[in-house]
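Q: My questions will all concern the structure given below.
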Ligand code: TYM
């Protein structure tokens with residue numbers, strides 16, 4: 001049976017991009033193999049964050065995972081920080097990843113370029129080391145992610161080759177799993193930019209009320225012309241809305257284009273808003289119920305027990321291979 005692993009970092013507010021890129025897909029994954037799903041709270045520390053915000057965001061993500069249809073009896077859901085093997089693995093792996101390759105990571109370049117050079121933390125630089133450890137600790141075969149995380153999974157693959165070449169078969173080779181459609185949902189106000197948790201303009205947040213969601217979609221930037229056609233280069237706004245619609249309805253882009261043949265932009269946007277609300281409204285209701293009844297608490301406790309057990313096995317394997325003595 002294959003093993004599937006993914007995580008979401010509890011910084012900022014989760015967006016429709018996170019939902020389409022990963023959350024929505026997890027329900028199917030849980031029937032395809034053994035799933036380890038976690039809240040990447042140690043990763044959230046790589047940029048300054050208020051303790052109360054980190055707390056609240058972590059609970060929210062646990063509730064969002066469950067609201068997305070993850071069944072605690074089928075999967076292991078846990079907080080990264082409650083499994084100390086993640087930190088230990090990162091300390092080991094940091095010696096096998098090099099400063100040159102880490103400084104070429106797009107996410108690091110993007111984030112650090114907006115910061116004062118003297119306040120860029122070591123953790124931000126070493127972010128992919130921690131992430132590689134997350135993946136390798138569970139012998140993951142598949143890692144469902146959106147497009148922006150593929151580079152980190154590729155780096156993990158390089159690391160596996162490097163370590164296995166030197167020490168024999170230690171780690172399993174993971175691969176990123178992303179959908180061609182929906183791996184990169186763009187901002188509604190600037191479709192040349194990714195929809196991201198830290199960009200409040202043009203983002204649909206999973207906690208936005210229905211009225212706000214409709215308003216944001218109705219005022220999404222569109223393109224010149226009047227045809228509803230997928231053309232990323234010349235019609236990035238319309239292409240993004242078509243992608244969102246196709247993902248909500250579980251249809252292909254071609255099918256979505258056919259639906260809107262002859263539609264005007266305004267009517268098209270209304271249908272996109274309807275489709276998003278139809279799916280997100282019941283999702284939000286489940287989220288509220290899970291949060292109010294604290295249904296996540298026991299799930300996270302049980303998840304930590306299972307994740308600790310599995311990750312210790314792999315941690316012991318690498319320790320032995322590299323020559324660390326067991327007392
Ligand atoms: P994070 O928290 O930034 O994002 C969570 C997931 O959402 C995807 N995503 C998107 N997908 C489509 N369109 C978008 N606009 C969009 N924005 C975000 C991301 O690609 C991601 O899959 N480093 C990770 C968390 C992590 C992790 C891991 C993931 C830590 N360890 C191990 C997989 C395996 C992150 O910050 O994702």
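We did not get these values from a lab; they are worked out from the coordinates using the rules stated. For clarity, every value in this text was computed on a predicted model and none was experimentally measured. FYI the Cβ positions are ideal-geometry reconstructions off the backbone, even for glycines, and counts take in every protein chain you see.
Q: Once you keep just the Cα pairs under 8 angstrom separated by 6 or more residues, what percentage relative contact order results for the stretch 147-194?
A: For the stretch 147-194, the relative contact order is 34 percent.
Q: GNM on the chain, C-alpha springs below 10 Å: top fluctuator among 13, 114, 249?
A: Highest fluctuation among the options: 114.
Q: To one decimal place, what Kirkwood hydrodynamic radius in Å is obtained for the stretch 225-309 from all pairs of distinct Cα atoms?
A: Computed over Cα pairs of the stretch 225-309, the Kirkwood hydrodynamic radius comes out at 15.4 Å.
Q: In addition: At 0.36 nm per residue, and after removing the present C-alpha to C-alpha distance, how many nm does the segment from residue 233 to residue 114 gain when stretched out fully?
A: Result for the pair: 40.2 nm of gain on full extension.
Q: Additional query: Give or take rounding to whole Å, what are the principal axis extents of the alpha carbon atoms in the chain, in descending order?
A: Largest first, the chain extends 71, 45, 40 Å along its Cα principal axes.
Q: Does the stretch 1-100 come out rounded, prolate or oblate by the C-alpha gyration tensor, with a ≥ b ≥ c the root eigenvalues, rounded set by a/c under 1.5 and, if not, prolate when a/b is larger than b/c and oblate if not?
A: Oblate, because a/c is 1.5 or more while a/b does not exceed b/c.
Q: Now for a separate question. If I histogram all Cα-Cα distances within the stretch 114-225 using bins 5 Å wide from 0, what percent of pairs lands in each bin?
A: Over the stretch 114-225, the share of Cα pairs per 5 Å bin runs 2, 10, 14, 15, 14, 14, 11, 10, 5, 3, 1, 0 percent.
Q: Give me the Debye-computed log₁₀ of I(q)/I(0) at q = 0.20 Å⁻¹ for the stretch 177-259, equal point scatterers on Cα only, no solvent, two decimals.
A: Debye output, listed in q order: -0.95.
Q: Right, another one. Rounded if a/c is under 1.5, else prolate if a/b beats b/c, else oblate: with a ≥ b ≥ c from the C-alpha gyration tensor eigenvalues square-rooted, which is the stretch 24-170?
A: Here the stretch 24-170 falls in the oblate category.
Q: Determine the shape class of the stretch 14-62: with a ≥ b ≥ c the square roots of the Cα gyration tensor eigenvalues, call it rounded for a/c under 1.5, and otherwise prolate if a/b is greater than b/c, oblate otherwise.
A: In terms of gyration-tensor shape, prolate.
Q: So for the stretch 230-327, averaging the separation of alpha carbon pairs under 8 Å that are six or more residues apart and normalising by length, what relative contact order in percent results?
A: Result for the stretch 230-327 is 17 percent.
Q: The stretch 61-116 to the stretch 261-305: how many Å between their Cα centroids?
A: 24 Å
Q: Moving on to the next point. Debye sum, Cα scatterers, the stretch 138-286, no solvent: what log₁₀ I/I(0) at q = 0.15, 0.16 1/Å?
A: Evaluating at q = 0.15, 0.16 Å⁻¹ gives log10 I(q)/I(0) of -0.81, -0.88.
Q: Taking a point 7 angstrom from the Cα of residue 251 along the C-beta vector, which residues in the stretch 273-290 have backbone N less than 12 Å away?
A: 275
Q: Going out from 0 in 5 Å bins, what whole percent of all Cα-Cα distances in the stretch 96-135 drops into each bin?
A: 5, 23, 34, 24, 9, 3, 0
Q: While we're looking at this one, here's another question. Before anything else, pin down the relative contact order of the chain: Cα pairs under 8 Å, at least 6 apart, normalised by residue count, whole percent.
A: 23 percent
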